[in-house]
Each structure stands twice: as C-alpha cells, then as structure tokens.
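Here is the structure we will look at.
The values are calculated or read from the model by the stated rules, or taken from the named source; none is laboratory data. Just so it is clear, the model here is predicted, and its values are computed rather than measured. Cβ placement follows ideal geometry from the backbone for every residue including glycine, while neighbour counts extend to all protein chains displayed. Calculation scope for accessible area: heavy atoms of the full protein, side chains included, ligands and nucleic acids excluded. Shrake-Rupley method; radii C 1.70, N 1.55, O 1.52, S 1.80 Å.
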Amino acid sequence: MDITVEGEQVVVGHEGTDYRFDVIGENELEFAATGDAAAAAPEGVIESLESKGYIVRP
C-alpha cells in the first residue's frame, strides 16, 4: 500500500486503485474519490492511514 501526499490530498494506492482523501485538518482526512467510483474506501486502507496517525472522517 503506497501513501503519498499530493497538494491538499492524501492518495493511497491499494490493489491497483487510488483512493483519495481531502485534508481537512492538521492530521484529519475525509474520503474524496477513487479511480473506480467506489462509495467508500476499504477498511484496510482506513486502518493503514490510522496507523500512520491520520484521523479519517466519514
């Protein structure tokens, strides 16, 4: 799983799909979009971000 910061977004590459999260605070993120129009990021992606100190808002 690759995690990169692109401007005002954090992008997580997971199993061939990029999941984008908007930065809404110092370490707070909100799910924004994905390459395949998924309604939400998989739990494994969220857990990975949380393990790195991010707070993921619904």
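For the reader, a short list of remarks on this structure follows.
- Check: the chain dipole with +1 on Lys, Arg Cβ and -1 on Asp, Glu Cβ, in debye: 40 debye
- Projected label points at I24 and S51, each 7 Å from Cα along the beta carbon direction, are separated by 2.4 nanometres.
- Over all other residues within a Cβ to Cβ distance under 13 Å of D22, the charged ones net out to -2, with Lys and Arg as +1 and Asp and Glu as -1.
- Using the rule -39500 (n - 2.57) for each DSSP H run of four or more residues, divided by the residues of the chain, the 222 nm mean residue ellipticity is -4500 deg cm²/dmol.
- Surface exposure of the chain, expressed per residue as accessible area with a 1.4 Å probe, stands at 62 Å².
- Accessible area of the chain belonging to carbon and sulfur atoms, whole % at 1.4 Å probe: 45 percent
- Sum of side-chain charges, I55 neighbourhood, beta-carbon under 15 Å (Lys, Arg +1; Asp, Glu -1): -4
- Under-5 Å amide H pairs with E28, H placed in peptide plane, nonlocal only: I55
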